[in-house]
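Working notes for the structure below.
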Amino acid sequence: MNRRTFIETSTIAAAGLLLDWRDGWAQAAAGTPGAAVSTTAGKVRGLLIDKKIHAFRGVPYGASTAGARRFLPPVKPQPWSGVRDAFELGLRSPLIDSNLVPEWRPLNLREPMGEDCLNLNVWTPSVNDNRGGKRPVMVWLHGGGYAAGSPGMIAYDGANLARKHDVVVVGITHRLNAFGFMYLAELGGGKFTDASNAGMRDIIAGLEWIRDNIASFGGDAGNVTIFGQSGGAGKVSTLLGMPAAQGLFHKAVAQSGSAVTSMAASAATQSAEAFMARLGLKRDQVEELQTLPMEQLLDALQPRSGGPSTLREPQGRPEQGRGATGSGRADAGRGARGGEPGRGGRGGGGGGFAASPVVDGTSLPHDVFNPTATTLSANIPLLIGSTETEVTWNVNTDYTPSADDAALCERLKRTVRADDVQLEKVIAIYKKGRPKASHLDLALIIETDASQFRSGTDTEAERKSALGKAPVYMYRFQWYSPVSGGRLRAMHCMDIPFVFENVDLCKTVVGDGQDRYALAEKMSSAWVAFARSGNPNHKGLPKWDPFTADKRATMIFNNECRAVNDPYREERLAIAAAQPARRTTEG
């Protein structure tokens, strides 16, 4: 065991949390066989947990995508006879497992992977009941960019949310990386002409399954909220601009991610061609891609030495720590820019392949929020926000905090990419507003504010609210975790355990302090209130007004929640002044 591994393991074990987590999740996952429920493909039977929640895992919503179906749009699953047990998680999409930060690793089940991965999980208080399917449905889209992740992570378990708030929770597994986002229309033609954005189309197929079946699981197909974090937030935002998704959901929540722009078809073609070259294929050998073993494609996705550094622009996910697949530009929801194949894309996937939705003119007609918000989903209410220090994943045990303003300025020149004069102004303004903050704290907050996590979220909120057709609600999560000596702060993904009411299952991340329960109740209640009515207000929070570009109403989530208009205005304007080119070109 090397020093780093020892430190990481000791950090978690010393907190006395790892065994507690394992025991807690084992109890949460256990159950007895429940009632059979009819779906359009056949009957399924889940587990009844604590005699209160029905959990269905690995329910097929699409057929296998292997072989001749690889890269093509999803089709419905083959019907089955009898009752199919839905007791265990289904396969996840083929992917390169990412290098999670230590505190998150115990929460990743790393379930088996394969191309027969179009399945979903359902948690519901009741099935086949007399309510006729009237519970709000909350559909979770997992993070990991467009290259990694699955709905099987412990933090995403929907049992507590369903139990405490009387809702139906669904998690959708879909294709990722090259398997889900290879753009072959210009290389292969024929059957590939209308086969782009397969991973997004998988999600739409899952939403169609919900429309057709969720009433039998106690859910209301006419009241569906899609919510996701990081790459999942990018997927949420992208669905707002996809014609085939219209009518399948009615509210949207984007946590720590946006989709101001997606990848241009020309860049996506270059990325596909570069990926094929890694496999020893020429551009006219597209169909041979469907004959190669899954493992061979995965090998081509492996990162190679000399790849982009995650330190250049620290806008990523916990999955994107040191040695992770993809580049540091991978801030959920934004694909690589045209002409830069393989450089960007939240979750680029390595191997010269940038995983991102593609503006193909049909399934995704144009960028969803650039230059203005799409009117396609103008009537969909949006809840959107970010955490205080999204980029904390970039701090590791080898990092030496900046000792003074000069060192801080040097660091920010690499990450924020502004000149010395602008950075000196930025640092002075942040120090004035945060006199007790350390130089490391300042670095993390400034880098977060300069990233697409914050600016992309702001842009999406501004442009969506400008349509004036449906409310937008903005939040910022500022609760700092005490775990690992406070190293995590309010990092990317830290809000997830609170939204799902899974703070007990996520002690390795949030610790075991009593304050976490009250905040989990406030946040989960806000998300559920929004799912019910499109308004997150409830009695446990101060009045939360909709966001507008002038007032910029924002709910601050912490032990004491506050509703503030335009929080940290001076800091926001200072960052915008330091990065005028980025603000113009990236939204």
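This table checks each residue for (1) touching a residue at least 24 places away in the same chain (Cβ under 8 Å); (2) in contact with a helix residue (DSSP H, G or I) (Cβ under 7 Å, 6 or more places away or on another chain); (3) hydrophobic (A, V, I, L, M, F, W, C).
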| site | (1), (2), (3) |
| --- | --- |
| 208 | yes, no, no |
| 212 | yes, no, no |
| 215 | yes, no, yes |
| 224 | yes, yes, yes |
| 230 | yes, no, no |
| 238 | yes, yes, no |
| 243 | yes, no, no |
Find the residue count for segment 420-430, including only residues that are farther than 18 Å from residue 454 by Cα and free of Cβ contacts under 8 Å to residues at least 24 places away in the same chain. 4
Against the conditions (1) crowded, with 23+ Cβ neighbours inside 10 Å; (2) part of a loop (DSSP other than H, G, I, E, B), where does residue 498 fall short? Just the number, please. (2)
List every residue pair whose Cβ atoms lie under 6 Å apart, where the two residues are 6 or more positions apart in sequence or sit on different chains, the first residue falls within segment 34-46 and is without any contact (Cβ under 8 Å) to a residue 60 or more places away in the chain, and the second residue, located anywhere, is in a loop (DSSP other than H, G, I, E, B) and surrounded by 17 or more Cβ atoms within 10 Å (Cβ to Cβ). 41/77; 44/86
Subset of segment 547-569, residues over 27 Å from residue 481 (Cβ atoms) and either surrounded by 16 or more Cβ atoms within 10 Å (Cβ to Cβ) or of a type in the set (S, T, N, Q) (or both), comes to 548, 565
Tell me, which helices (runs of 4 or more DSSP H) wholly within segment 107-217 include 1 or more residues that are surrounded by fewer than 24 Cβ atoms within 10 Å (Cβ to Cβ)? 159-165, 185-188, 198-213
Of the residues that make up segment 218-227, is at least one under 21 Å from the mean Cα position of the chain (by Cα) and not β-branched (Val, Ile, Thr)? yes
Out of all the residues in segment 271-285, is one or more of a type outside the set (Phe, Trp, Tyr), under 16 Å from residue 70 (Cα atoms) and part of a helix (DSSP H, G or I)? yes
Find all pairs meeting these conditions: Cβ atoms under 8 angstrom apart; at least six residues apart or on different chains; first residue within segment 523-546 and in a helix (DSSP H, G or I); second residue surrounded by fewer than 22 Cβ atoms within 10 Å (Cβ to Cβ) and among the basic types (Lys, Arg). 524/164
Among the candidates 292, 311, 297, which residue alone is at pLDDT below 95, hydrophobic (A, V, I, L, M, F, W, C) and either surrounded by 17 or more Cβ atoms within 10 Å (Cβ to Cβ) or not in a helix (DSSP H, G or I) (or both)? 311
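The values are calculated or read from the model by the stated rules, or taken from the named source; none is laboratory data. Quick caveat: nothing in here was measured; it's all calculated off a predicted structure. We place every Cβ from the backbone using ideal geometry, glycine too, and count neighbours over all the protein chains shown.
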